Amino acid sequence: MIELGSALLGCGIGIEAGVFTLDDADALLAAPWAKAIHRVLVEVIFEHDDHEAVRLARAIDERVAVLGRPRLWHGDARANWAVVDAGLAAGCDVRVGLEDTLIDRDRGPAPANAAQVAKTIGTHS
């Protein structure tokens, strides 16, 4: 990871660092180029319990906040909605759609990406 990050930055390519666990957060913070990244993705995609996914997102976010970089939160499956809601409440960017949100808030199949974005905006406006 260290070598890749150094090579990317050496070529003028910005880094958007995906952090899945607290160990990942620690590894990012230990990287010599950590403060040069553009954004941290708080990617809580292996935790599907709403409460635990939000708890992990908050813990990761708190750990990487020292970098002073923007953070984008997203989760997976049904728990993505809890992570998105908590991320917006925390003032972070969020992501819905793509492969993250195949299950809607009502536990049925999620609508297309544009409808998910519209629902998210409608819920938080």
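The values are calculated or read from the model by the stated rules, or taken from the named source; none is laboratory data. Note that the structure is a prediction, hence the values are computed from the model and not measured. Glycine gets a Cβ as well: all are built from the backbone with ideal geometry, and neighbour counts include every protein chain shown. Calculation scope for accessible area: heavy atoms of the full protein, side chains included, ligands and nucleic acids excluded. Shrake-Rupley method; radii C 1.70, N 1.55, O 1.52, S 1.80 Å.
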query = Residues with beta-carbon under 9 Å from that of Ala53, excluding Ala53: net charge, scoring Lys, Arg +1 and Asp, Glu -1?
reply = -4
query = Per the 1.4 Å probe, what fraction of the accessible area of the chain, in percent, lies on carbon and sulfur atoms?
reply = 58 percent
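State in Å² the accessible area per residue of the chain; use a 1.4 Å probe, count heavy atoms of protein chains only, and round to the nearest integer. Each step should come with its number before you reach the end.
Details: 6600 Å² over 125 residues.
Here the per-residue accessible area is 53 Å².
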query = With springs only between Cα atoms under 10 Å, which of Ala53, Ala114, Ala34 fluctuates most in a Gaussian network model of the chain?
reply = Ala114
query = If you plug each phi of segment 116-125 into the Karplus form 6.51 cos²θ - 1.76 cosθ + 1.60 with θ = phi - 60°, what whole-Hz ³J(HN,Hα) values come out, in order, with x for Gly and Pro?
reply = 5, 5, 4, 4, 5, 4, x, 6, 10, 9
request  = Note down the accessible area of Arg95, probe 1.4 Å, to the nearest 10 Å².
outcome  = 60 Å²
message = What do you get for the angle between helix 79-89 and the principal long axis of the chain? Use alpha-carbon atoms, 0 to 90 degrees, nearest ten.
response = 70 degrees
note = Order by accessible surface, 1.4 Å probe, largest leading, for residues Phe20, Phe46 comes to Phe46, Phe20
message = Explain nothing, just the number: dipole magnitude of the chain about its Cα centre with +1 on each Lys and Arg Cβ and -1 on each Asp and Glu Cβ, in debye rounded to the nearest 20.
response = 420 debye
inquiry  = Could you check the spin-label model distance between Leu102 and His124? Points 7 Å from the Cα along Cα→Cβ, value in nm.
reply    = 2.4 nm
ask   = Pulled fully out, how much extra length does the chain show between Leu4 and Ala77, if you take 0.36 nm times their separation in residues and subtract their Cα-Cα distance?
value = 23.3 nm
Extension gain from Cys11 to Phe46, taking 0.36 nm per residue of separation minus the Cα-Cα distance = 9.4 nm
